[in-house]
Amino acid sequence: MKQERYLTFALTKGRLADKTLGLLEQIGINCEEMHDKNTRKLIFVNEELKLKFFLSKGPDVPTYVEYGAADIGVVGKDTIMEEGRRAFEVLDLGFGKCRMCICGPASARKLLEHHEMIRVASKYPRIAKDYFYNQKFQTVDIIKLNGSVELGPIVGLADVIVDIVETGSTLRENGLEVLEEICPLSARMIVNQVSMRMENERIRKIIGELKELVK
Ligand code: PRP
């Protein structure tokens, strides 16, 4: 079948991209060029299948997909929720599993129970705000951090944090614990809304084959 147009994938740099490429390979989609770890190239092409791939920082993936610069993206559910971009979330890829949680010292539990006006540090201010304001109906002060968020309660910047918990070891090693679970997370495939209509057949085929693999 003649494929005119390239389908472009935006993948989250790092572990998610490696796992995604592994899955794609299993359904016969590969991109030799991407295996060269030393390359500075940004776009990788599979001419035969008329596919393009690029890697980007997680929060940029939904942006590329919303604007149609990429037809398909693979990114964590946390990033999808935080960025709030327009795109169809079509598949849970089943890897990168972790949880979005409110964490802090055990002593902060009562601050949550009593709906105190507390300070919440997070890399995910939108998720934190939505959870506290719209689900817990608790007014809080949200402080945006960019990493090592566990430091927040330790150095007295915040009472609790909203952050990702995977194994729980970062919390344990720092005397913190999960106080409430907000939602489960994993890697998701997202699709540009126009691409979904224009390239329906090709995209559905990819989703269908991946679905079989990950179910
Ligand atoms: C994430 C997250 C936690 C940690 C959780 O941080 O923000 O800090 O992983 O994993 P664990 O439950 O297995 O210990 P990441 O390593 O991505 O870096 P960051 O702290 O700079 O955001």
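Against the main long axis of the alpha-carbon atoms of the chain, helix 200-214 sits at an angle near 60°. Working note: Karplus 6.51/-1.76/1.60 with θ = phi - 60° gives segment 92-97 the couplings 8, 7, x, 10, x, 6 Hz, where Gly and Pro are set to x.
Close amide-amide hydrogen proximity is noted between Leu185 and Cys98, Arg99, Met100, each under 5 Å apart and 5 or more residues distant or on a separate chain (H modeled in the peptide plane; Pro and chain starts excluded). Between Gly58, Gly152, Gly28, the Gaussian network model of the chain with springs among Cα atoms under 10 angstrom shows the greatest mean-square fluctuation at Gly28.
Using only helices, what value at 222 nm comes out for the chain when you add -39,500 (n - 2.57) per DSSP H run of length 4 or more and divide by the total residues, to the nearest 500 deg cm²/dmol? Walk me through the numbers before you get to the answer.
Numbers: 9 runs with 66 residues, N = 215.
That calculation yields -8000 deg cm²/dmol at 222 nm.
Among Lys205, Lys97, Lys144, determine the one that fluctuates most according to a GNM of the chain built with springs between C-alpha atoms less than 10 Å apart. So, out of Lys205, Lys97, Lys144, the one fluctuating most is Lys205.
Summing charges over neighbours of Met117, with a neighbour being any other residue whose Cβ is under 12 Å away from its Cβ, gives -2 when K and R count +1 and D and E count -1.
Test of the criteria: in segment 1-43, which GluC sites (Glu not before Pro) are in a DSSP loop and have at most 10 other Cβ atoms within 10 angstrom of their Cβ?
Working: sites: Glu4, Glu25, Glu32, Glu33; in loops: Glu4.
Taking segment 1-43 and a limit of 10 other Cβ atoms within 10 Å, the loop GluC sites (Glu not before Pro) found are Glu4.
Each label point was placed 7 Å from the Cα along the Cα-to-Cβ direction; for Cys183 and Thr139 their separation is 2.6 nm. FRET efficiency for the Glu48 to Arg126 pair, using the beta carbon distance and R₀ = 45 Å, is estimated at 0.65.
The mean accessible area for residues of the chain, using a 1.4 Å probe and ignoring ligands and nucleic acids, is 55 Å² per residue.
Whenever you get a sec, compute what percent of the accessible area on the chain sits on carbon and sulfur atoms (1.4 Å probe).
For the chain, the apolar C and S fraction of the accessible surface comes to 49 percent.
The values are calculated or read from the model by the stated rules, or taken from the named source; none is laboratory data. Everything numeric in this text was worked out from a predicted model, so none of it was measured. Every residue, glycine among them, receives a Cβ derived from its backbone with ideal geometry; neighbour counts consider all protein chains shown. The accessibility values were calculated without ligands, DNA or RNA, using every heavy atom of the protein model including side chains. Shrake-Rupley method; radii C 1.70, N 1.55, O 1.52, S 1.80 Å.
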